[in-house]
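A.B. asks: Pasting a structure below so you can have a look.
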Amino acid sequence: MIALLKVSIILGIIVVLLSKNFPLSWALLGGSLIMGISFGIPFRMIMKGFWEGLSSWETIKLVLILYFIALFENILREKNLLQKMVLSLKKLIKDTRTRLISMPIIMGLLPSVGGALFSAPLLDEISKEDNIDPERKSYINYWLRHIWEPFLPIYPGIILVSILTEKPLNFFVREALPYGLATFAIGLFFAFYKANLEKANLSQESQNIGQNEDSQENLENPQETNETETSIEEIEITNPLSTFILSFLPIISLLFLVIFFHFDLLYTLIGINIVLFFILKFDFNKMKETLIHSINLQNLILIIGVMIFKRMLEITGAVSDIAYSLNYSFIPTYIIFFLLPLIIGIFTGVTSATIGITIPILLKMLPYQNPSKYLVLAFASAFLGIMVSPLHLCLVLTKEYFKPDWKKLYNYVVKSGILLAIFILLKFFLT
């Protein structure tokens, strides 16, 4: 129980630091140091634990995977393949509802940190002729871009849980697919329930455009957004169908190789990136620039922080002590596997941090009967937690772009989260 109290205090400190806009990566590293000191571990052993967490193959492989995913995305952006995909789909699809949801769904195929910032201007552009309130647009942009996250094998959360549990990636893809479908169904319901999609009058359209122009000035990366809009305006699509198929081919190839042919994700990413460099005719300077631009130190430090925090939980014995305390707390096991990732997910708003903190603890508590079922429950609960977290970066950036009424927007998110929670628990009990 003492270990549980100490770790709870450390997590509380991390949450306070997050509320003060302190980077989560450095908060986790600081929390790891405090944990070692509070458990009376010699400083030399603490430093050894830091090194082991940093240099383990698990950490190195995860860092490499995330880097090559970022490189893959930047290659597609550099050659306007994502923009062509969106524009061709816009020409192919005439239905207003389908066009609205297509923007965040397509942009959600790639796991950009704060990626809602890229889909927001696209959604805004395609909805200018429709009388849609900013709260509904914000919800569509935020919720529907995350339908892939539970099961798409290029998102950090599912990769990390596979590595930590030593279970095949394909297992979690298969088991988590229903949660992605449920997220999609819930998103469709709240996106269009009692929605007024009548054409807006000119004055209101002008007002909305002006409002969105003002909101763009407050974004953290306004230059990046403006570049996206400019490049879209300059692209001409002559054959929408063939353009869509060709632009979508790299993504679908990656997914097929990993999911259906069981290729290792890291080596598949390396191979596809090399092929794309040659097929898309990158010269040496552009290749070098893209390789350097894909390095996101903050994201890499976050993963390192997660893995070091995990290692310190093991070295201090906190994992075993907490698992023992919870096992003998008379709290049903399924409630622990549901609530712990949910709470940490709400506190952090980051899937990889939530998985990295909770899975090592829960692994020590797995029941002998059907343990995989409990791991899937914990993973789904972690996803639910970050989706309803007000700290989720995509939610924050979406709010800044569309300037919705926060209470109305968060009301959509909370109601969606409640339905998703019901689905998660029903699936757990009925399967």
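A.B. asks: With contacts defined as alpha carbon pairs under 8 Å and 6 or more residues apart, what's the relative contact order of region 279-431 in percent?
C.D. replies: Relative contact order for region 279-431 comes out at 23 percent.
A.B. asks: Shape of region 278-431 from its Cα gyration tensor (a ≥ b ≥ c, root eigenvalues): rounded if a/c is under 1.5, otherwise prolate when a/b > b/c, or oblate?
C.D. replies: Taking the square roots of the gyration eigenvalues as a ≥ b ≥ c, region 278-431 is oblate.
A.B. asks: Let me ask something else. Between rounded, prolate and oblate, where does region 256-305 land on the alpha carbon gyration tensor, with a ≥ b ≥ c its root eigenvalues, rounded for a/c under 1.5, else prolate if a/b exceeds b/c?
C.D. replies: Oblate, because a/c is 1.5 or more while a/b does not exceed b/c.
A.B. asks: On the protein heavy atoms, probe 1.4 angstrom, tell me the percent of accessible surface of the chain carried by carbon and sulfur.
C.D. replies: Accessible surface attributable to carbon and sulfur in the chain totals 64 percent.
A.B. asks: Over the chain, what relative contact order in percent results from Cα pairs under 8 Å that are six or more residues apart?
C.D. replies: 28 percent
A.B. asks: For residue 307, what charge total do you get from the other residues with a beta carbon under 14 Å from its beta carbon, if Lys and Arg give +1 and Asp and Glu give -1?
C.D. replies: 0
A.B. asks: Further, regarding this structure: For the pairs 61/288; 20/408; 310/408; 61/373; 137/415; 194/407, flag any whose C-alpha to C-alpha distance is greater than 28 Å.
C.D. replies: Beyond 28 Å: 310/408.
A.B. asks: Moving on. Keeping all protein chains in place, calculate the accessible area per residue for the chain (probe 1.4 angstrom), answer in Å².
C.D. replies: Accessible area per residue: 46 Å².
A.B. asks: On C-alpha positions alone, give me the angle between the axis of helix 134-143 and the longest principal axis of the chain, in degrees, nearest 10.
C.D. replies: Approximately 50 degrees, to the nearest ten.
A.B. asks: I've got another one for you. So for region 1-93, Kirkwood radius off the Cα pairs, Stokes-Einstein at 10 °C and 1.306 mPa s: how many µm² s⁻¹?
C.D. replies: Result for D is 94 µm²/s.
A.B. asks: Roughly how tilted is helix 81-92, in degrees to the nearest 10 and between 0 and 90, from the longest Cα axis of the chain?
C.D. replies: Around 50 degrees separate the two axes.
A.B. asks: If the cut-off is 18 Å between C-alpha atoms, which lysines fall inside it for residue 286, apart from same-chain ones fewer than 8 positions away?
C.D. replies: Residue 286 reaches 79.
A.B. asks: Also: Evaluate the chain: find the radius of gyration of its Cα atoms, find its Kirkwood radius, and give the ratio Rg to Rh.
C.D. replies: 0.97
A.B. asks: Right, next: Return, for the Cα atoms of region 364-406, the radius of gyration and Dmax in Å, separated by a comma.
C.D. replies: Over region 364-406's Cα set, Rg and Dmax evaluate to 16.2, 49 Å.
A.B. asks: Compute the acute angle (0 to 90°) between the alpha-carbon long axis of helix 297-315 and the principal axis of greatest extent of the alpha-carbon atoms of the chain; round to the nearest 10°.
C.D. replies: The two axes meet at around 20 degrees.
A.B. asks: If I take every Cα pair under 8 Å that is 6 or more residues apart in region 295-357, average their sequence separation and divide by the length, what percent do I get for the relative contact order?
C.D. replies: 48 percent
A.B. asks: Would you tally the net charge around residue 53, using a Cβ to Cβ cut-off of less than 13 Å, leaving residue 53 out, and scoring K and R as +1, D and E as -1?
C.D. replies: Net charge around residue 53: 0.
A.B. asks: Projected area of region 17-145, taken from the Cα convex hull and averaged over every viewing direction, in nm²?
C.D. replies: 11.0 nm²
The values are calculated or read from the model by the stated rules, or taken from the named source; none is laboratory data. Note that the structure is a prediction, hence the values are computed from the model and not measured. Neighbour counts run over all protein chains shown; Cβ positions are idealised from the backbone, glycine included. Just the protein is used for accessible areas: all its heavy atoms, side chains included, with ligands, DNA and RNA removed. Shrake-Rupley method; radii C 1.70, N 1.55, O 1.52, S 1.80 Å.
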